[in-house]
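Structure below; questions to follow.
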Amino acid sequence: SLILILSSIGVPIYNGYIKESKINLAKSNLNSIYLAEINYFYENHRYYITGTTCGNHNEALIEDLFLGEAVINKDLFKFCVIEDNDGFIAKAIGDNDQEITIDNMNNLKVMNKG
């Protein structure tokens, strides 16, 4: 019937909208991490690194890089910052292996939309 046809069109569009919204939120959070990293570098002469591998480092990032202020959404993505040559790569890893990154040169990439 008409309701089935409309829902078969509407649900995928809605799901795509939700997915894009999550990606945009991760990008915004990574921009916040980038800015905090630049500030951290000027104060400490090095970048803040959460470890050599990525995992869920949300609490450490909030505590150490943002002085306890929860400016990143820790519910939808796992965030980490790894060393990359003389710089860093910050990663947001979401459901279905979504991965969005930003580096110390402010290059933002969506690696996998999930």
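Show the residue pairs meeting these rules: Cβ distance below 7 Å; 6+ apart or different chains; first residue within segment 95-114 and in contact (Cβ under 8 Å) with a residue 40 or more places away in the chain; second residue open to solvent by less than 30 Å² (accessible area, probe 1.4 Å) and assigned to a loop (DSSP other than H, G, I, E, B).
Short answer, once both residue conditions are applied: Lys113/Gln98; Gly114/Gly94; Gly114/Gln98.
Residues being in a loop (DSSP other than H, G, I, E, B) and open to solvent by 30 Å² or more (accessible area, probe 1.4 Å): count how many of those fall in segment 35-52.
Within segment 35-52, residues that are in a loop (DSSP other than H, G, I, E, B) and open to solvent by 30 Å² or more (accessible area, probe 1.4 Å) number 5.
Return the residues of segment 95-114 that are open to solvent by less than 30 Å² (accessible area, probe 1.4 Å) and part of a loop (DSSP other than H, G, I, E, B); say none if nothing qualifies.
Gln98
Each row is one residue, and each column tells you yes or no for (1) exposed (fewer than 12 other Cβ atoms within 10 Å of the Cβ); (2) closer than 16 Å to Lys109 by Cβ.
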| residue | (1), (2) |
| --- | --- |
| Ser21 | yes, no |
| Ile33 | no, yes |
| Cys54 | no, yes |
| His57 | no, no |
| Ile62 | no, no |
| Phe66 | no, no |
| Val71 | no, no |
| Cys80 | no, yes |
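Then there's this: Determine whether Glu59 is touching a strand residue (DSSP E or B) at 6+ places or on another chain (Cβ under 7 Å), more than 21 Å from Asn112 (Cβ to Cβ) and either in a helix (DSSP H, G or I) or at pLDDT below 90 (or both).
No, not satisfied.
All but one of (1) open to solvent by less than 60 Å² (accessible area, probe 1.4 Å); (2) at pLDDT below 90 hold for Val11; state the number of the condition that does not hold.
Exception for Val11: condition (1).
Residue under question is Ile82, and the condition is that it be within 11 Å of the chain's Cα centre (by Cα) and either over 17 Å from Tyr34 (Cβ atoms) or not in a helix (DSSP H, G or I) (or both); does it hold?
Criteria not met by Ile82.
The values are calculated or read from the model by the stated rules, or taken from the named source; none is laboratory data. None of the values given here were measured: they were computed from a predicted structure. Cβ: placed from backbone, ideal geometry, glycine included. Neighbour counts: every protein chain shown. For the accessible areas, the whole protein counts, side chains as well, though only heavy atoms, and no ligand, DNA or RNA atoms are used. Shrake-Rupley method; radii C 1.70, N 1.55, O 1.52, S 1.80 Å.
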